[in-house]
Amino acid sequence: MGKVVLEVKDFSFRYRQTKQKAIKNISFQVEEGSFFCIIGANGSGKSTLCNALVGLIPHYFVGKMSGEVFVNGMKVEDSTIADLSAKIGLVFQNPFNQLSYTAGTVAEELAYGLGNRGVSHEEMVKKVEYVAKLMRIDHVIHKNPLELSGGQIQRVALGSTFIMEPRVLVLDECTTQLDPLGSEEIFDIVKSLNQKGITVIMVDHEMERVARCADKIMVLDGGEIVAIDIPERIFETPDIVKHRIGVPDYVKICQSLREKGYTKREIEIAEEPTIELVKEALKG
Amino acid sequence: MAKISNSFVPKDTIIEELNPMTKILAVFSLGLGTLIFPNSWLGLIIIIGLFFVAYLAKTLKDFTKIMFGFGIPITVMLMFIQGCYSPKNVTIIAEFGFLQVGLEGVLYAFKIISTLLVFLGTFYIMNKTTYTGKLVAALTNSGLPPKAGYLVLASLNVVPQMQRRMEVIQEAQGARGVEIGGGIIARIKAYIPLLGPVVMSALTDAQERGMTLETRGFGITGVKQTSYVEVTQSNLDRILKAILILFFIIVVILTVLMKLNII
Amino acid sequence: MKIELRNMRYVYPTGDEALKGIDLLIEGIEPVAIIGQNGAGKTTLVKHFNGILRPTSGEVLINGENIQNCSTAQWSKEVGYIFQNPDDQLFLESVRKEFEFGPLQIGMSKEEIEERMKWVATLVGLSDKLDIHPFDLTSTEKKFCSIGAIIMMNPNAMIFDEPTCGQDVDGNLRLRKIINELKERGKLCITISHDMKFVVDNFKRVIVMWKGKVLLDEKAENVFSQVETLKKSFVSPPPITKVAQGAGLRKTVFTTEAFIKVFEEQRMV
């Protein structure tokens, strides 16, 4: 196992206004540079966990917390959200609510967090240029963010988070409100960031995408961890549907073909290998 | 989709290049100068000067519209009220049937009008030629707390999105059988169902926006904030600032001397 | 139910032409899905079905009557519209009051409201939450609350804008149940969606929009077999269909069962 970048130890949390714990005593570790996906039905505690990783819990949301979260060895409870932003960043669902509303242009929006840190103007311009290119928004950098499409605004949000130079990105259903093209663009970018060594923690509903991207998947149900494993083993487990999550089409095809004896191969979790498997089975 | 309208449109003029603080200084120096000066001649000269500045700022047409659009009705109104009914009236300069127009009232009205127009004109030119981001950056540089700067910018920028949201909510209520058109009472009744979603969505949005700001270091203390928008101070700014300050001092001295009947 | 569009155009006040001459006929009760990229005109199109928007030129006829003749509030009896974001729609202090509001607006009798309440609450899964404040519901429940509030008004056609957005497996199953039950009761469902799995699971007829025009309007099988045309509109078939196409299966399939059946047929030969 490589270097651990994120560690959650016996963590529980209950929001002040609810009776039930949103997260019940969970522990896990995430390796540096990995692509870690969290899945589970609505209300299973995914968003709460995301908020805890970036320090919004306990510093922004009020409630009863126990256990510990460490990001890069830094204890979240003892740090400020602003300090944590240099280690871990969060992008969530609604693109419009991730604008600072202090910027007349995309460039200013990207620079907002740097300004709060007191970064010099020269450095700011350099970083904005670099991040805008990475996010493929360099052509709209002088436009008002509100004139952009939802997908573009979400890339501005991702850029504004990434410019703070976190080593870990937490994506909480950040493509739910986008169309397929907009979602794909975000994923391409996220994948390229992951290849550059950024650790990605992603919550997503689309199982095909999760299966394709994830090094490891964690399944949550009712605030508890029910499984952490590589995608193949997660989706192979027949019981997994009990936790109200879907299984990728690829897995269903492979399993049906195997049950009927048309193939002996292990299940596949991506489009191309599944097509190969089916072609092979067709030849008999 | 509706385009977002911004009151500032870049036009590449000398006035636009000026440091926002110079313009703020101009608003106060000229405005207050006119206010304290005993008669309205100074105001009149400044107003004529402002038309020239508006010309330099390539906004003469709109500026003229605003000045006359506001100036004419206010002049008529104040002239009537002050000219005919001011208790200061002693010297009667004209009579229309039962109405008597007094000189003192007319002069007083002139004074108010010129002061208002100087404030309006300078403020209008500043607003039209200054990008809000630059204004706030300049204010922050000069020591305005970042949170105050944020309030100014965010409240300006959030309005168009709120408007869009209002429209959608209105449509959603129409689809639930609420008549949007009709008489005043029907309209007021129709607005009640709109308020709930507006307030609720504002609350949820505020929470998420708060999260965003926090994760971008809004709460950092002890750091001098920097800004992407560059605010420079040219020699022209320095000269203008000196002139504006000098102008105000001279006006104060002149006023004092005139009040003491020395000149 | 009959919705008819004749050479209908819509131009935004800004001058952008959102819909560029639409001819469309939706008749009967067979659920219809409308798909396409954002900005293709899907929402603008369906907003004409209950008069939220009025055509710039051309005609929109609901059961033969011109949409211009009545206000949106009046059309709401005939055509229900569920907005994407439930927060735009809900404003009362309990789920029950939300359910009663629309019907009272259109003058439904107390008895009928009572009777429908039971059925609708069960259908949308909120029977035991009728006295809860909508603000305390989860985002999924809120969505079903806004759906219930419209079904309560008993319209003959229902429009859903992105109903699966943010839904999990259970939510999708419930939506499926709602669409089926509405069809059984003789209601027409028209749905905008980006979720192709949901589309092929629930809709036989699929309309693809592209740049303000109707690009395809056919049976789902035919639509998703036209891969090249779909690419143009940035729509891609559901994963299972893509695997079948990639492996050279000769029929367009949407389910594992259909996949295996076609696979076996082709393997025999």
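FYI, it's all coordinate maths here, none of it is from the lab. Keep in mind that what you see is a predicted model, and the values were worked out from it rather than measured. Please note: Cβ atoms are built from the backbone with ideal geometry, for glycine as well, and neighbour counts cover all protein chains shown.
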Considering only C:Ala220, C:Ala244, C:Ala258, give the residue with the highest GNM mean-square fluctuation for chain C, with springs between Cα atoms whenever their separation is below 10 Å. C:Ala258
Mean ellipticity per residue at 222 nm, deg cm²/dmol - from DSSP H runs of n ≥ 4 across chain B, formula -39500 (n - 2.57): -24500 deg cm²/dmol
Only helices at least 18 Å long along their axis, Cα-based, and averaging -1.0 or more on Kyte-Doolittle count here, so list those DSSP H runs from chain B. B:20-36, B:41-56, B:60-85, B:103-129, B:146-174, B:184-215, B:235-259
Note down the nm distance, to one decimal, between modelled labels 7 Å out along Cα→Cβ at B:Ile14 and at B:Phe52. 1.0
Rounded to the nearest 5, the percent of antiparallel DSSP beta bridges in chain A equals 55
B:Met77 paired with C:Val262, simple spin-label distance in nm, labels 7 Å along Cα-to-beta-carbon: 7.4
So what's the gap between the Cα centers of the range C:68-146 and the range B:227-263, to the nearest angstrom? 64
Working from Cα positions, state the angle (0 to 90°, nearest 10) between the long axis of helix A:249-259 and the longest principal axis of chain A. 20
Percent relative contact order for chain C, counting Cα pairs under 8 Å at least six residues apart, stands at 23
Highest-MSF residue in chain B out of B:Leu244, B:Leu213, B:Leu25 [GNM, Cα springs under 10 Å]: B:Leu213
Among the DSSP beta bridges whose two residues both lie in the range C:121-223, what percent are antiparallel, rounded to the nearest 5? 55
Are there trypsin sites (Lys or Arg not before Pro) in the range C:210-269 that DSSP puts in a loop and that have at most 16 other Cβ atoms within 10 Å, and which ones? C:Lys211, C:Arg250, C:Lys251
Average other protein chain Cβ within 10 Å of Cβ, residues A:114-124: 5
Grab the DSSP H runs of chain C that are 4 residues or longer, score each as -39,500 (n - 2.57), total them, divide by all residues and round the 222 nm result to the nearest 500 deg cm²/dmol. -11000 deg cm²/dmol
Nearest 5 percent is fine: what portion of the DSSP beta bridges confined to the protein assembly as shown is antiparallel? 60
Using a Förster distance of 45 angstrom, determine the FRET efficiency expected from the C-beta separation of A:Lys279 and A:Asp138, and round it to 0.05. 0.65
Rounded to whole angstrom, the alpha-carbon centroid of the range A:45-117 lies from that of the range C:3-25 at a distance of 44
Among C:Phe49, C:Phe203, C:Phe259, which one shows the highest mean-square fluctuation when chain C is modelled as a Gaussian network with alpha-carbon springs under 10 Å? C:Phe259
Taking every residue in A:234-240, how many Cβ atoms of other protein chains lie within 10 Å of its Cβ, on average? 0
Which entries of C:Lys77/C:Lys110; A:Lys126/A:Lys191; A:Lys279/C:Lys232; C:Lys20/C:Lys211; C:Lys20/C:Lys143; C:Lys20/C:Lys47 show an alpha-carbon separation above 20 angstrom in the structure shown? A:Lys126/A:Lys191; A:Lys279/C:Lys232; C:Lys20/C:Lys143
For chain A, longest principal axis from Cα atoms; helix A:106-117 axis from its Cα atoms; angle between them, nearest 10 degrees, is 70
Let me have the 222 nm mean residue ellipticity of chain A computed from DSSP H runs of 4+ only, each contributing -39500 (n - 2.57), with the sum over all residues rounded to the nearest 500. -11000 deg cm²/dmol
Please rank C:Cys189, C:Cys165, fewest neighbouring Cβ atoms within 10 Å first, as an exposure proxy. C:Cys165, C:Cys189
For the range B:106-184 and the range B:12-77, what is the separation of their C-alpha centers, rounded to whole Å? 20
Could you count how many Lys pairs in the range A:1-85 have their Cα atoms under 26 Å apart, skipping same-chain pairs fewer than 8 positions apart? 20
